């Protein structure tokens, strides 16, 4: 019996660390898996060249891209050539319907691989068709979205349950598929940080207002002297944070973004991670990876009720009402004051990731959908 040939397309897969789900797919006896990634992509603060794949059944291909390093405007120059040579049965395109590459995928599939099934990915949890898309030249992305709506794909993988009703008209089938978390890399270090008098409240992500960064900054002066705070990321609030850090005698640190492979080391320096995001008209948290990554590293998480945060945390984290500074202060105080609670949340968080988000679980679900879709096209 011939194998199902699968072509997966993802921008951040230039880094080998972001390919675990595709390696798991490639390890299936009935799947022949190929990955198309850009020749280079902007990751953290630097350009990353596409890394070679070693000791793996996954086949990696590279392509030059058009329109820079913005996820919503990327086009793959080699896509037609790849489709012609591979003749895939299933195309997994990690793009939202309003993105340029979604139209490219539909048109190129029609011309170069008409027999193939096509899947898109969406984390949309706001009705952008009604409220507008959060991009410059919004009308272009609206036209892209309308095109995909007129040409539904075979499958749309949604990252959160909130995306399901919004995506029903874009695909023949909707499947919930959360972000995969590499629990072999993201885990508590063997050599744990020794218990200290100094505890650290951590934040990882964009340094912007809607992420609740100002709430954390305003919380800092209220914390006891033995409590430190660490921000890891970049954004327009970085300069303001740096100014406060200079006045803090070392208790407030601001670090640049780190490569994905170094995240476990960052989380190991934190005693609690806070995700205090705030909804805006055109944005709220979708399927946030930072709380999943922190839980995988057995770091307790406090998150607001913005978007998909409660869905990610479940009963394995503390959820507070967004924009409630008193609730945030009380939650941080309680977690840092109660070692038993910290350890309980750490264990429950790790187990939740293992049960729902680890790569093998997500890859198994994806493989089943690929097989079912191909079988349905044959029937």
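The values are calculated or read from the model by the stated rules, or taken from the named source; none is laboratory data. Keep in mind that what you see is a predicted model, and the values were worked out from it rather than measured. Neighbour counts run over all protein chains shown; Cβ positions are idealised from the backbone, glycine included.
Among the residues of the range 310-319, some residue qualifies, meaning at least one is part of a helix (DSSP H, G or I), buried (at least 24 other Cβ atoms within 10 Å of the Cβ) and at pLDDT 95 or above.
With respect to (1) at pLDDT 95 or above; (2) closer than 18 Å to residue 12 by Cα; (3) part of a helix (DSSP H, G or I), the lone exception for residue 72 is condition (1). Of the residues making up the range 170-181, one or more are outside the structural domain of residue 304 (by TED's automatic domain parsing), assigned to a helix (DSSP H, G or I) and either under 19 Å from residue 295 (Cα atoms) or modelled with pLDDT of 95 or more (or both). Of the candidates 264, 245, the single residue that is at negative phi, in a helix (DSSP H, G or I), touching a residue at least 40 places away in the same chain (Cβ under 8 Å) and crowded, with 17+ Cβ neighbours inside 10 Å is 264.
When you scan the range 248-259, how many residues do you find that are assigned to a loop (DSSP other than H, G, I, E, B) and within 14 Å of residue 221 (Cα to Cα)? Step through it out loud before you land on a result.
First pass over the range 248-259, keeping only residues assigned to a loop (DSSP other than H, G, I, E, B): 248-251, 256-259.
Adding the requirement that they be within 14 Å of residue 221 (Cα to Cα) leaves 248-251.
Total meeting the criteria: 4.
Restricting the search to the range 23-43, which residues are part of a helix (DSSP H, G or I), in contact with a strand residue (DSSP E or B) (Cβ under 8 Å, 6 or more places away or on another chain) and in contact (Cβ under 8 Å) with a residue 60 or more places away in the chain? Hit for the range 23-43 is 25, nothing else.
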